[in-house]
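Student: First the structure, which I've put down as structure tokens, then a few questions once you've had a look.
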Amino acid sequence: MASVAGAAARQPEAMGRQDQTLIVLARLMEGGQEDLETATDLGRLAKLLTDDVDLVKKGEPSVTAVIDGDCVDTLVCYLDMRNPETVRGHAAICTSAYLKAAGDDGNKKLADFFHDRIRRGTYDDYIVAFCVAATIFPIVPDLTSEMFLTEGFLPSLGPLMRRKWKSRKVETACLEMLNAACMHQHCREAVQKYCTEWLEEIVDQDPEEVVKAMRTDPDLHLQEGSILMRRHSEQVQNLAAVVLAKLRAVQPIKPPSDLSGPRVEQATTSIEDLSRLFTKMLLKNPEHATHPSIEGLAYATLQPKIKEELSKNKEFLKTLVKTLQAAPSKSPVTYGALSILVNLTVFQPVQSEEEKKMNQLKAYANAMGKLQPDPLNDHDYVMERCKRVFEAGVTPVLVTHGIHGSLASKSLVISIIYSLSMVPAFRGQLAQQGAVRLLIAAWTAIPETESKSRRTAAQALARILISTNPALVFGGTRPIPQSNAIRPLASIITPDPDAETRDLLPSFEALMALTNLASTDDNTRDNIVRTAWPDIENMLLSSNARVTTAAVELVCNLVQAPTQAIALFCETTPPTYAQNRLRILLALADAHDVATRSAAGGALASLTTYDAVVRAIMAEQRGVETVLRLSREEGEDLRHRGAFILYNMLVRDDQELAKTVREELRAAGAVEVLTGSVKKSRSAEVVEITIQALKALLEET
């Protein structure tokens, strides 16, 4: 410690990094500090270790050289569950920084610490070792799983947990370690193999057994604390149930390899039994909802049968919403409750026809039929579950957590609202309850690297805006700028480049939502064109007729803004772009799909008020023929568009242009076409515009 004393004599700014590390470690090893002081020192050490990674790359000596096994022992012992939460949190950050800085040497020291504590075998050593393993599992899963799977370790836990004289802290620490270990597949398989039997014993413990034991053992009541110490605590039972839930939900029960000869099957605690246990725990004390009940249900609701059962339990749903409302924004209870709601409302991924056929073939090829989809995951069942969740009043609570929660919580909230937005009847209420504001804010706040969450938020926003009046959504006392919705919607016009299956539904919904926004004012139309025109133009040529129709309908609304109509379809320098766009519209007005022809006709009806567009139609080889074909259609809606286009083309301020149009239309048989349209039409509106077009056509030059 001489070097530590010497370092302490110097001013902090004059000390090297290794000396600073020694000073902090000396205080931590000495102990006796207040919790806040300990947390502060752990934070300083974490900072030194974090900076060390970059400084070592520049050639400076590492501070980890002065951290020996005793120092590591001191550091990780602050992860002990008996320490305050603040100290444990700082110790976890510090341990993570140390393992990153020390590399293989740090891993070796940590493994040595763990094995040494387990060999000692005292209750105190077990508690510390288990707590350390539980904490570092998410930090260094490979190292921890290697420690965890050491030969003989897992089989030794059964006798430890079955001891007559119990230590609840040992049991709690052990189960928290197993709970963390279940995140790793190989560890989960090992837990199922070696620990399932005694985990079920803990969960199935009968409180009356201790009373019965007192009657048969006359000396039992003479032993102080014997009744309590020979029972597993309720907390331990709950933790054991969570571990079992993870095994049942994620790790299938493996049948015995040897099926020959008579055997007695061991009774197992089913996932349904565990779900009822967790539900009972939650309903029993909703004001103080425990993390185990929420976490257990988060895993149990991965099973379709559990989802359906819980969604029909109105008391459970209301209690879950209240629990979520009362939970801190960044807490395990919040994350667990949101996970339950995600599981209850999640729809199955969209599959192409080819994928459906492949899955059917796999199901036929599987003798046990394990690949057969569960009908409880079908669309109609999920829709009903979404309705029940929505009716429980979950939206305002989701909005609160979506605004103030962590990135992980935001992603879960987005997923839930995305599912709820699948029900058209709820979209208006979702907007009224703040979902639009939340989705826009979340899309903006989530990093671009989290593309899936951003796209999900944008698609949920699109669905809501398709079905709601923009004036109502973006009005009110605290209005949201309508322009804020354009960028999220524009981001999903192009199909997801990272998706294995090309899904055009987000493109379609984004175009529909933008069409709704484009019906409002010219500023919005201008903003949409500036933000998204290249993608919109590409969608005009989509292989999907519904997407093409949606794109043309959007164009129809966009060209209501004179600046955009002129810029996109009337510019003569360079003329190619405007001509090509008009050529595409004329082709779509002659498309096989009726809805596409109607949308293109609507766009041309707006654009033919401009001389440049009329000249371009006349210049096209089949331009006049395409317009006249609209007036021959069986549907009155299409004939109305055709008559409107012809009327606009004939009524011009430029008399020379008007004369040319009349002559060419007469030559093409427009008189007969319009006369026939008048005879077929029953709508007064169609008849009126057709007669006006006919009068203009017959006007003498």
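The values are calculated or read from the model by the stated rules, or taken from the named source; none is laboratory data. None of the values given here were measured: they were computed from a predicted structure. Every residue, glycine as well, gets a Cβ built from its backbone with ideal geometry; the counts of neighbours run over all protein chains shown.
Student: Out of the residues in segment 491-511 that are in contact (Cβ under 8 Å) with a residue 40 or more places away in the chain and surrounded by 22 or more Cβ atoms within 10 Å (Cβ to Cβ), state the one that is farthest from PRO562 (Cα to Cα).
Tutor: PRO506
Student: Let me ask another. If a residue must be free of Cβ contacts under 8 Å to residues at least 40 places away in the same chain and under 56 Å from the mean Cα position of the chain (by Cα), how many such residues does segment 635-682 contain?
Tutor: Summing the residues that are free of Cβ contacts under 8 Å to residues at least 40 places away in the same chain and under 56 Å from the mean Cα position of the chain (by Cα) in segment 635-682 gives 2.
Student: Taking the residues in segment 435-452 that are touching a Leu at 6+ places or on another chain (Cβ under 9 Å) and surrounded by fewer than 22 Cβ atoms within 10 Å (Cβ to Cβ) as candidates, determine which candidate is farthest from PRO481 (Cα to Cα).
Tutor: GLU450
Student: Here's a follow-up. Which condition number in (1) in the same structural domain as LEU465 (by TED's automatic domain parsing); (2) in contact with a Lys or Arg (Cβ under 9 Å, 6 or more places away or on another chain) is the one that ASP374 fails?
Tutor: (1)
Student: Separate question: If we only count helices (runs of 4 or more DSSP H) wholly inside segment 25-122, which ones have 1 or more residues that are in contact (Cβ under 8 Å) with a residue 40 or more places away in the chain, in contact with a Pro (Cβ under 9 Å, 6 or more places away or on another chain) and exposed (fewer than 14 other Cβ atoms within 10 Å of the Cβ)?
Tutor: The qualifying helices (runs of 4 or more DSSP H) are 35-57.
Student: Right, another one. Find the residue count for segment 125-170, including only residues that are assigned to a loop (DSSP other than H, G, I, E, B) and within 29 Å of the chain's Cα centre (by Cα).
Tutor: Within segment 125-170, residues that are assigned to a loop (DSSP other than H, G, I, E, B) and within 29 Å of the chain's Cα centre (by Cα) number 4.
Student: Quick check: is even one residue across segment 169-192 in contact with a Ser or Thr (Cβ under 8 Å, 6 or more places away or on another chain), in contact (Cβ under 8 Å) with a residue 60 or more places away in the chain and basic (Lys, Arg)?
Tutor: no
Student: State whether one or more residues within segment 557-577 are under 17 Å from ARG525 (Cβ atoms), assigned to a helix (DSSP H, G or I), more than 41 Å from the chain's Cα centre (by Cα) and touching a residue at least 24 places away in the same chain (Cβ under 8 Å).
Tutor: There is at least one residue in segment 557-577 that is under 17 Å from ARG525 (Cβ atoms), assigned to a helix (DSSP H, G or I), more than 41 Å from the chain's Cα centre (by Cα) and touching a residue at least 24 places away in the same chain (Cβ under 8 Å).
Student: Further question on the same structure: Under 7 Å between Cβ atoms, which residue pairs at least 6 apart in sequence (or on different chains) link something in segment 584-595 that is more than 17 Å from GLU537 (Cα to Cα) with a partner that is of a type outside the set (A, V, I, L, M, F, W, C) and exposed (fewer than 15 other Cβ atoms within 10 Å of the Cβ)?
Tutor: The qualifying pairs are VAL594/GLY635.
Student: Which condition number does ALA471 fail, the rest of (1) surrounded by 19 or more Cβ atoms within 10 Å (Cβ to Cβ); (2) small (Gly, Ala, Ser); (3) over 25 Å from SER409 (Cα atoms) being met?
Tutor: For ALA471, the exception is condition (1).
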